[in-house]
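Notes to accompany the following structure.
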Amino acid sequence: MANQSGGGGSIESVLVENRVFPPPKEFASRAQISSLDQYEQLWDRARAEPEAFWGELANELITWIRPFSTVLEWTPPHAKWFLGGTLNVAANCVDRHAEGPRADKPALIWVGEPGDERTISYKELKDEVSKFANVLKGLGVKKGDVVALYMPMVPELAIACLACARLGAPHTVVFGGFSSEALAGRIQDCSAKVLVTADGGYRRGKVVPLKANADGAVDHCPTIESVVVLKRTDDDVPMVEGRDRWWHDLAASASADCPAEPMDSEDTLFILYTSGSTGKPKGIQHTTAGYLLGTAYTTKVVFDLKEDDVYFCTADIGWITGHSYLVYGPLANGVTSVMYEGAPNFPDEARFWKIIEDHKVTILYTAPTAIRAFMKWGKQFPKRHDLSSLRLLGTVGEPINPEAWIWYNEVIGGGRCPIVDTWWQTETGAIMISPLPGATPTRPGSATRPLPGIVPEVLDHDGNPVPDGHGGLLAITQPWPSMLRTLWGDDDRYRQTYWSMFPGRYFTGDGARKDADGNFWIMGRVDDVLNVSGHRLSTMEIESALVSHPAVAEAAVVGKPDDLKGQAVAAFVTLESGQDPTDALKKALAAHVVKEIGALARPDVIRFTESLPKTRSGKIMRRLLRDVAAGVESTGDTTTLEDLSVLAQLRQGDEG
Ligand code: WTA
């Protein structure tokens, strides 16, 4: 396999891990799925009768306007689910809870970074969503028009998503950490008509200038007709006459009555851009019914939801985890979802623990990179707070190293909370491989078993299953409702990226190993996608950013194992002749990447080199660069290397 070292330094320890943690008895006795036998029966049943399985779930979990007539139409690589049915996702997430016993139940509990808080009941959420849907309508947004959201983590971001869903206008949320350039690229790709943003947002005590960034983007986006600006920080921001309007002005006169648009099952709910192995981000397209079912079902069973749960997902809505497990999944189930605006270490390193104590959080869902940071900061921060309300912990985004798993279990979970290590992707829409907390024995570092309805396999390059215990490529062999339908405007790339490796089967881009008990151990990406602090970045996208700087002739970017981030960004750069390889230039190049993409893509290490190692046909040998960056000897074949002295030179070079 090309690169099995993609997931960072935790791989080796993952491979030798063999501790097993059965579900705590008390937890299992109250769980929806409460034994391994029960799980296996469900899985086998779903495998044998997938359409009956998904069809029954769709009737149980979704409120339909018109029932569907066909569960699945599968013409690989295109699936259509629940044909003939109509529904509205916002009505499922909000309206059906806004009357009856959940009307006054908190839908969202929001904590702002400066310390302001808001609790919004389901009844109130319905009014807010309806008002903003009317605001968008007033700006000419109709079913099918794309609305871009570039906002801080405030309730209005969730409200805007749901307002779009109410109208049938696909949203595309762009993470607030992306730059003007990155925002513009995404808006141009999906021809968004309206942009919703804010004056700014708070992050680690500072203001992120969202409106200024948005202005820089909209100048290059002729499709944007209106910009709606939420007042969050009260900073003075210029408003463009005729284009920009304040959220509060528009909402003040909007009616709280807005009928939910009946949508076909296969209508687009949203587009979310993510990094692939080429320079251009991919617009992952998700649909109404399948996505709603996938998120509602998995939130219910993976987090074993109870009516009184207070559920805290720490992801930003700018990423798929925030879409699926802060907004759609929890709200579809009518639970209380906690949303926090800012950094985990502001005003101090106990911020999450304070939120958990203050709001009696019962379920925490976060990322391994955050857990490693908490470990580094020390036990004294969680110890300051009462975490006894917690009953279940989850992780997502990258392989978790057993040390972090054990710390999470002991220090945060007090040894009594099962941990669900959930494997999935922007493309899969919902969790695919994960323990069921009342049923599955957990193993630190393994996402364990596929959920009922999901059929993964570990394959070799020819598409044959590899024997248990051996590494291979992770594929999903049966369609599932929340799978991406295509890439926005680029079906060829969709076919190429996911379906050409194993025709008829979905290729995930991850390496994995299955053990003799059927547990999956995810080994990280085997393509040119990096996973930096749980954020997906494309090496090619960073390379394109670097070579767009006039001093740069050529650039190669690889991941370097990092104890905290999982992977760090290492860039090897050759300069145009006449350019001096100075530290000042390194700084300028790093700043240039931040401007082109955003701070999350800032290279941790930049190394100037005379040339890059290439094959005789001119391909950069990234495998060798990964070894150089990691400071390890290359064990692989170097016979195709054009000039061996390049490698020797790189090995001698200083890091910096
Ligand atoms: C990685 C995030 C190991 C994997 C939901 C995948 C994981 C990529 C896990 C998707 C996990 C996600 N264990 N690796 N539990 N969860 N990954 O699209 O490499 O931002 O392909 O979706 O994250 O990242 P994405």
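Can you name every residue in the stretch 283-301 that is within 19 Å of Ile187 (Cα to Cα) and either open to solvent by 10 Å² or more (accessible area, probe 1.4 Å) or in a helix (DSSP H, G or I) (or both)? Of everything in the stretch 283-301, just one residue is within 19 Å of Ile187 (Cα to Cα) and either open to solvent by 10 Å² or more (accessible area, probe 1.4 Å) or in a helix (DSSP H, G or I) (or both), namely Gln285.
Quick one: which of Pro452, Pro437 is out of contact with any strand residue (DSSP E or B) (no Cβ under 8 Å at 6 or more places or on another chain), away from the ligand (no atom under 13 Å from the Cβ) and open to solvent by less than 10 Å² (accessible area, probe 1.4 Å)?
Details: Pro437 fails: out of contact with any strand residue (DSSP E or B) (no Cβ under 8 Å at 6 or more places or on another chain).
Exactly one residue qualifies, and that residue is Pro452.
Here is a check on your reading of the model: is Arg243 open to solvent by less than 60 Å² (accessible area, probe 1.4 Å), more than 28 Å from the chain's Cα centre (by Cα) and not β-branched (Val, Ile, Thr)? Judged against the criteria, Arg243 is a match.
Checked across the stretch 376-387, the condition of being touching a helix residue (DSSP H, G or I) at 6+ places or on another chain (Cβ under 6 Å), within 16 Å of the ligand (Cβ to nearest atom) and of a type outside the set (D, E, K, R) holds for no residue.
The lone criterion from (1) crowded, with 23+ Cβ neighbours inside 10 Å; (2) touching a strand residue (DSSP E or B) at 6+ places or on another chain (Cβ under 7 Å) left unmet by Pro581 is number (1). When residues in the stretch 422-434 are screened for being open to solvent by 10 Å² or more (accessible area, probe 1.4 Å) and assigned to a strand (DSSP E or B), 1 of them pass.
Within the stretch 179-215, can you find the residues that are open to solvent by 30 Å² or more (accessible area, probe 1.4 Å) and within 24 Å of Ser538 (Cβ to Cβ)? Scanning the stretch 179-215 gives Glu181, Gly185, Gln188, Asp189, Ser191, Arg203, Val208, Asn213.
So, Lys614, is that one open to solvent by 40 Å² or more (accessible area, probe 1.4 Å), basic (Lys, Arg) and in contact with a strand residue (DSSP E or B) (Cβ under 7 Å, 6 or more places away or on another chain) or not? First the steps, then the outcome.
Details: open to solvent by 40 Å² or more (accessible area, probe 1.4 Å): yes; basic (Lys, Arg): yes; in contact with a strand residue (DSSP E or B) (Cβ under 7 Å, 6 or more places away or on another chain): yes.
Yes; evaluated as a whole, the condition is true for this residue.
For Trp64, the conditions (1) part of a helix (DSSP H, G or I); (2) without any contact (Cβ under 8 Å) to a residue 40 or more places away in the chain; (3) closer than 23 Å to Gln285 by Cα all hold with the exception of (1).
Yes/no matrix, rows are residues, columns are (1) within 16 Å of the ligand (Cβ to nearest atom); (2) under 30 Å from Pro101 (Cβ atoms); (3) aromatic (Phe, Trp, Tyr):
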site	(1), (2), (3)
Val338	no, yes, no
Leu393	yes, yes, no
Trp405	yes, no, yes
Tyr408	yes, no, yes
Val411	no, no, no
Pro418	yes, yes, no
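Against the list (1) farther than 30 Å from Gly112 by Cβ; (2) in contact with a Pro (Cβ under 7 Å, 6 or more places away or on another chain); (3) within 12 Å of the ligand (Cβ to nearest atom); (4) not in a helix (DSSP H, G or I), the condition Ser446 fails is (2).
So for the stretch 247-270 (the condition being within 16 Å of the ligand (Cβ to nearest atom) and surrounded by 24 or more Cβ atoms within 10 Å (Cβ to Cβ)), does at least one residue qualify?
Kept after step one, since they are within 16 Å of the ligand (Cβ to nearest atom), are these residues of the stretch 247-270: 270.
Of the ones still in play, those that are also surrounded by 24 or more Cβ atoms within 10 Å (Cβ to Cβ) are 270.
Within the stretch 247-270, one or more residues are within 16 Å of the ligand (Cβ to nearest atom) and surrounded by 24 or more Cβ atoms within 10 Å (Cβ to Cβ).
Inside the stretch 302-414, counting only helices (runs of 4 or more DSSP H) that do not spill past its ends, which hold 1 or more residues that are within 29 Å of Arg525 (Cα to Cα), acidic (Asp, Glu) and open to solvent by 10 Å² or more (accessible area, probe 1.4 Å)? Can you show your working first?
Values: elements: 329-332, 351-359, 368-377, 380-383, 402-407.
Helices (runs of 4 or more DSSP H) meeting the threshold: 402-407.
Do we find a residue being at pLDDT 95 or above and surrounded by fewer than 20 Cβ atoms within 10 Å (Cβ to Cβ) anywhere in the stretch 144-163? Steps first, please.
Start the filter on the stretch 144-163 by keeping residues that are at pLDDT 95 or above, which leaves 144-163.
Within this subset, residues satisfying the condition of being surrounded by fewer than 20 Cβ atoms within 10 Å (Cβ to Cβ) are 144.
Yes - at least one qualifying residue is present in the stretch 144-163.
Take Trp110 and decide whether it is open to solvent by 50 Å² or more (accessible area, probe 1.4 Å), of a type outside the set (A, V, I, L, M) and not in a loop (DSSP other than H, G, I, E, B). Criteria not met by Trp110.
Only one of the numbered conditions (1) more than 16 Å from the ligand (Cβ to nearest atom); (2) free of Cβ contacts under 8 Å to residues at least 60 places away in the same chain; (3) within 26 Å of Gly518 (Cβ to Cβ) is violated by Ile371, and that is (1).
Table: residues versus (1) in a loop (DSSP other than H, G, I, E, B); (2) without any contact (Cβ under 8 Å) to a residue 40 or more places away in the chain.
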site: Lys131; (1), (2): no, no
site: Asp145; (1), (2): yes, no
site: Glu156; (1), (2): no, no
site: Leu162; (1), (2): no, no
site: Leu195; (1), (2): no, no
site: Lys211; (1), (2): no, yes
site: Asp215; (1), (2): no, yes
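Restricting Gly8, Gly85 to residues that are buried (at least 18 other Cβ atoms within 10 Å of the Cβ) and at pLDDT below 95 narrows the list to Gly8.
The values are calculated or read from the model by the stated rules, or taken from the named source; none is laboratory data. Keep in mind that this is a model prediction, so the values were computed, not measured. Neighbour counts are summed over all protein chains in view; Cβ atoms, including those assigned to glycine, are modelled from backbone coordinates with ideal geometry. The accessibility values were calculated without ligands, DNA or RNA, using every heavy atom of the protein model including side chains. Shrake-Rupley method; radii C 1.70, N 1.55, O 1.52, S 1.80 Å.
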